[in-house]
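Engineer: First, the structure itself, so that you have it in front of you.
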Amino acid sequence: MNENELQKQLQTKVKKKLEPLFARFRMDFGGIDASLKWKPIVLIIGNYSSGKSTLINELLGQNIQRTGQAPTDDSFTIITTEVVGGQSEIPGSTLVNDDRLPFAHFKGYGEKLISHICMKQVASPILENMAIIDSPGMLDATSENDRGYDYRQVLGEFAKMADLIVLMFDPHKAGTIKESYEVIRNTLPEKSGEHRLVFVMSRIDECDSLSDFTRSYGTLCWNMSQMTGRKDIPHIFLTYAPSLVNTGRLLDGWPQEREELIEKIKRAPSFRINHILEDIDRQVNELQIVAEAVAEFLRRAGRVYWKYANITLLVSVLLFLFGDVLLNQLLSVPENTLINSIRNGQFSLLQLVVPLLLASATILIGSLSFRRIAFRQMQKKAAANGSDLVQLESDYRRNLWRKMGDKARENLAALTVADLWRGYSRSLARIQNFLTQDLKKYYERVVN
Ligand SMILES: Nc1nc2c(ncn2[C@@H]2O[C@H](COP(=O)(O)OP(=O)(O)O)[C@@H](O)[C@H]2O)c(=O)[nH]1
Ligand SMILES: [Mg+2]
């Protein structure tokens, strides 16, 4: 099966399975994100003059992007084959208003950003299957404030859409890269997404000697372990711009390194299905934590319910059998009690009236006090916070709860006593099953 078919099949299957579950918890199954319905995207980020635009021009085989030592280009440029028609360069204000394109949500970031987004329509073989996005380099914090829009957040938005994110460092300044990395890391799905990120050390030809190169590479590795918090260093691709380099200065193996990077970029469309799975994974995890809170609340409320039910039942049986004896002693009515009438063989149905009244009054009071008092109080408490209903053992779970807590509380506040019997724990089990079985199966299918 080819990727497109697999993707379609997955979409229908997942929709059928998940949509009712999302609806049950008052959540919108966004389905496969709008952005994932557009073409695969490669996002190039890194500090300014790390060689982003130069690399893009070489991939395209044309001089499309301006290059230079100073931070000249401060726009997000989406480079694609013709999609809109008309002129070759299209301003952001048009892009965010075009339903065929996945950029509408950037409207929310304001005019300033929109004037810093544009699309260039270019004919190039590499663009047949993907769009490439060039980005303005990250600046230091003070200059960041002058941009007029939240650069980090916007970068995060683009990263979410991208199937491959190429993070470029040049040997001169590896410093600002930490910030770009953090933005990306916070945006991608926690448990996965790492493979969507490619680290590249560029402009390696500017290292004068092997020892110079080794020093830069070492610094870079050190910086990277600092920022990823891991001891193992991810693969770092190496590259240079052949057009700018006197080939005599290249070390053995460098052309192959560069070739590997280009291959990786060309394969970006094949990561798309993985990206879709991750997107579903993220959404279902969000659903799961909401469902957990609701199911746990109902489990606790259910326990209280059974306590009330048992006590009520006991009291009503006792009152049925002996309530009239008590009344008889206190008020001398009824004259003949149920037990006596049975003993004397004078039982008539009339004797049941008082015991039945007593028993049903007890049941009524028991049921009302659970519904009106116990359940409501528990619900009020849960809907005010609810964090004790879910396990928050990791940063991942805490972040998830921070994001979904409001949704969970909205659900909790809307529950009624009848929901105790409406199979919420089965819904939760279905969600968990989807994450542990179905999704795993799909991932395996993609790998094979
Ligand atoms: N020697 C050399 N210079 C490069 C290389 N890549 C880019 N440059 C130069 O570095 C400067 C910044 O490149 P540019 O692509 O504009 O960086 P951007 O700001 O990341 O887009 C330009 O003057 C390029 O000519 C390279 O691999 N080797
Ligand atoms: Mg540039």
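Engineer: Most exposed first by the Cβ proxy, i.e. fewest other Cβ within 10 Å, how do Asp232, Asp98 rank? Please list the in-between numbers first.
Structural biologist: Numbers: Asp232 6, Asp98 14.
In increasing order of surrounding Cβ atoms, one gets Asp232, Asp98.
Engineer: Something else now. Could you sort the peptides 159-166, 309-316 by per-residue average Cβ neighbour count (10 Å cutoff), highest mean leading?
Structural biologist: Working: 159-166: 24.2, 309-316: 15.1.
Result, highest mean first: 159-166, 309-316.
Engineer: To continue, here is another question. Among Leu36, Leu330, Leu338, which one shows the highest mean-square fluctuation when the chain is modelled as a Gaussian network with alpha-carbon springs under 10 Å?
Structural biologist: Between Leu36, Leu330, Leu338, it is Leu330 that shows the largest mean-square fluctuation.
Engineer: Provide Thr219, Thr436 in ascending order of the number of other Cβ atoms located within 10 Å of each residue's Cβ, fewest first. Write down the numbers at each step before the final one.
Structural biologist: Working: Thr219 14, Thr436 10.
In increasing order of surrounding Cβ atoms, one gets Thr436, Thr219.
Engineer: Could you state the angle between the C-alpha long axis of helix 151-161 and the longest principal axis of the C-alpha atoms of the chain, as a value from 0 to 90 degrees rounded to the nearest 10?
Structural biologist: Helix 151-161 sits roughly 80 degrees off the main axis of the chain.
Engineer: Also, quick follow-up: Trypsin sites (Lys or Arg not before Pro), restricted to the stretch 30-108: which are DSSP loop and have at most 14 other Cβ atoms within 10 Å? Could you put the intermediate results ahead of the total?
Structural biologist: Values: sites: Lys37, Lys52, Arg66, Arg100, Lys107; in loops: Arg66, Arg100.
Sites meeting the loop and neighbour criteria: Arg66, Arg100.
Engineer: A further question follows. In the Gaussian network model of the chain, springs joining C-alpha atoms below 10 Å, which of Glu393, Glu19, Glu82 carries the largest mean-square fluctuation?
Structural biologist: In this elastic network of the chain, the residue with the biggest mean-square fluctuation among Glu393, Glu19, Glu82 is Glu393.
Engineer: Suppose we keep just the alpha-carbon trace of the stretch 1-117; what are its Rg and Dmax in angstrom?
Structural biologist: Rg, Dmax (Cα atoms, Å): 18.4, 55.
Engineer: May I pose another question? Would you compute the Debye intensity of the chain from its alpha-carbon atoms alone, equal scatterers and no solvent, and pass along log10 I(q)/I(0) at q = 0.06 Å⁻¹ to two decimals?
Structural biologist: Calculated log10 I(q)/I(0) at the listed q: -0.41.
Engineer: Another question, if that's okay. Just Phe199, Phe320, Phe29 to compare: in a GNM of the chain, with alpha carbon springs under 10 Å, which one fluctuates most?
Structural biologist: Highest fluctuation of the listed residues: Phe320.
Engineer: Turning to a different aspect of this structure: Give me the Debye-computed log₁₀ of I(q)/I(0) at q = 0.12, 0.19, 0.21 Å⁻¹ for the stretch 94-163, equal point scatterers on Cα only, no solvent, two decimals.
Structural biologist: Reported log10 I(q)/I(0), two decimals: -0.37, -0.88, -1.04.
Engineer: Note down the Stokes-Einstein diffusion coefficient of the stretch 400-448 in µm²/s, whole number, using a Kirkwood radius over alpha carbon pairs, 20 °C, and 1.002 mPa s.
Structural biologist: Working: Rh = 13.2 Å.
For these conditions, the coefficient is 163 µm²/s.
Engineer: Per DSSP H run of n ≥ 4, the term is -39500 (n - 2.57); total these for the chain, divide by its residue number, and report the mean residue ellipticity at 222 nm rounded to 500 deg cm²/dmol. Present the calculation step by step, with values, prior to reporting the outcome.
Structural biologist: On the way: 16 runs with 227 residues, N = 448.
Rounded to the nearest 500, it is -16500 deg cm²/dmol.
Engineer: So how strong a dipole does the chain carry about its Cα centre when Lys and Arg Cβ are +1 and Asp and Glu Cβ are -1, to the nearest 20 debye?
Structural biologist: Details: 56 positive and 52 negative charges, 480 e Å.
That gives a dipole near 2300 debye.
Engineer: At a Förster radius of 25 Å, what calculated FRET efficiency corresponds to the Cβ-Cβ distance of Asn97 and Asp74, to the nearest 0.05? Don't skip to the end; give the middle numbers.
Structural biologist: Values: r = 22 Å, r/R0 = 0.89.
Efficiency, rounded to the nearest 0.05: 0.65.
Engineer: Name the GluC sites (Glu not before Pro) in the stretch 260-343 that are in a loop by DSSP and that have at most 12 other C-beta atoms within 10 Å, would you?
Structural biologist: Numbers: sites: Glu260, Glu263, Glu278, Glu286, Glu292, Glu296, Glu335; in loops: Glu335.
Listed in order of number, the matching sites are Glu335.
Any read-out appearing in this document is the output of simple, stated calculations on the displayed coordinates, not a laboratory observation. The model shown is predicted, which means the values in this text are computed figures rather than measured ones. Neighbour counts are summed over all protein chains in view; Cβ atoms, including those assigned to glycine, are modelled from backbone coordinates with ideal geometry.
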